[in-house]
Amino acid sequence: MIARTQPTFVIVGAGGISRSYAQAFVQGLPYQIVGVADIRLESAKDVAAMCNVPAYDNVDQMIGELRPTAAIVCTPPSTHPEVCCRLMEQGVHVLCEKPLAISTDEAIRMAETAQRCRVVFSMGSKFRFVADVQKTREIIDSGILGDIILYENTFAGFCDMSKRWNSQPAISGGGVLIDNGTHSVDILRFLLGNITELQVVEGKRIQNLPVEDTALIFARTESGAMGNIDLSWSLNKVRADFISIYGSKGTLSVGWKESKYKLADQKEWTVFGNGYDKVAAFGNQIKNFGGAICGTEELIITPIDAIASVRVIETAYAALRSEKWHTVTPAAQFRRTTISQHVVSH
């Protein structure tokens, strides 16, 4: 196993999300990034230039030359099992971007490889590392909101997916449900515990994609709380918040620019955060992962959490395929005599 006192990192995969990780390193972390690799060398060079590190188009060559302690994997989901397991077999700790895998079996294989190779393994899911989301969990756990009844989450905005791998099922594993939905269910599990049952309804396909571009998830947690999740690439649901929590004693809102809560017996909202800071979230995630490698922190997203996330999404697709609707009889089909009898009897 490769061992260093202070972890050194490489990024594998130089797509859009890798830039956020690179920016987090640039803005200051206690760990050093030493290289970037992508099968497209020009893409690797673009991201590597942000950090002033070498670029590669061959991962094995990068690992052999730089001997990093840890890798952040930002390749498409279909490649995650092969890429991550190959890295772990070389003794490299792995932080793999969400969605971790397309199937539960693949996720388990990755976790088992990490255990066998004795490396730290985690899934990247930035919203767990947003300060306001972490504070929300503290507020919920304090009990001041009472029993939590409803969780609402919206990730819905216009985005042309026609030329992106995220809408190619063989690469992505699905559409908006596995893409944005992975964030949604991970936040729900983080705040309110395991998801015990769910239903999924697909909306009208607007972008003529081979995958769903709008979907609704209805879920229930082991505590009995309900979840209502709106996902779309084809509509812009304008909201100041992206998470709303409704309890028997108060309401909480996690917003893009401000987070607040209001108790039932209070007139005013209490502001507890400044909203969503993307780069800070990525930085917090890397620091937690690095701390776990050093043995100074516990992983916030454990391999069990990562597997559970994949399993929930896998179940969501099964629910989507078996979607059942109950027919509502049109009012015009009621017999006049039946209506008359109903009126008389009451």
>> Suppose we filter region 192-218 for residues that are over 30 Å from Q134 (Cα atoms) and aromatic (F, W, Y); how many remain?
In response: 0
> Restricting attention to region 53-69, does a residue exist that is out of contact with any strand residue (DSSP E or B) (no Cβ under 9 Å at 6 or more places or on another chain) and closer than 24 Å to R164 by Cα?
Replying inline: no
> So is I102 surrounded by fewer than 17 Cβ atoms within 10 Å (Cβ to Cβ) and not in a helix (DSSP H, G or I) or not?
Replying inline: no
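Okay, residues lined up against (1) farther than 22 Å from K126 by Cβ; (2) of a type in the set (A, V, I, L, M):
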| site | (1), (2) |
| --- | --- |
| G181 | no, no |
| L209 | yes, yes |
| I229 | no, yes |
| W233 | no, no |
| D241 | no, no |
| S248 | yes, no |
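Matching residues to (1) β-branched (V, I, T); (2) farther than 23 Å from F129 by Cα:
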site: G224; (1), (2): no, yes
site: N236; (1), (2): no, yes
site: E258; (1), (2): no, no
site: V271; (1), (2): yes, no
> Do we find a residue being crowded, with 19+ Cβ neighbours inside 10 Å, farther than 24 Å from A306 by Cβ and of a type outside the set (D, E) anywhere in region 211-223?
Replying inline: yes
> Within the group A292, A331, A318, A281, which residue is modelled with pLDDT under 95, of a type in the set (G, A, S) and closer than 30 Å to L95 by Cα?
Replying inline: A318
> Has region 281-303 got any residue that is within 26 Å of G175 (Cα to Cα), surrounded by fewer than 18 Cβ atoms within 10 Å (Cβ to Cβ) and basic (K, R)?
Replying inline: no
> So which residues in region 18-42 are touching a Gly at 6+ places or on another chain (Cβ under 7 Å), farther than 25 Å from E89 by Cα and either among the hydroxyl-bearing types (S, T, Y) or at pLDDT 95 or above (or both), if there are any at all?
Replying inline: A24
> Looking at (1) of a type outside the set (A, V, I, L, M); (2) over 22 Å from S18 (Cβ atoms); (3) part of a helix (DSSP H, G or I), which is the only condition K260 fails?
Replying inline: (3)
>> Only one of I140, I108, I206 is among the hydrophobic types (A, V, I, L, M, F, W, C), in a loop (DSSP other than H, G, I, E, B) and at pLDDT 95 or above. Can you tell me which?
In response: I206
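The values are calculated or read from the model by the stated rules, or taken from the named source; none is laboratory data. These numbers come from a predicted model, not from an experiment. Cβ atoms come from the backbone with ideal geometry, glycine included; neighbour counts cover every protein chain shown.
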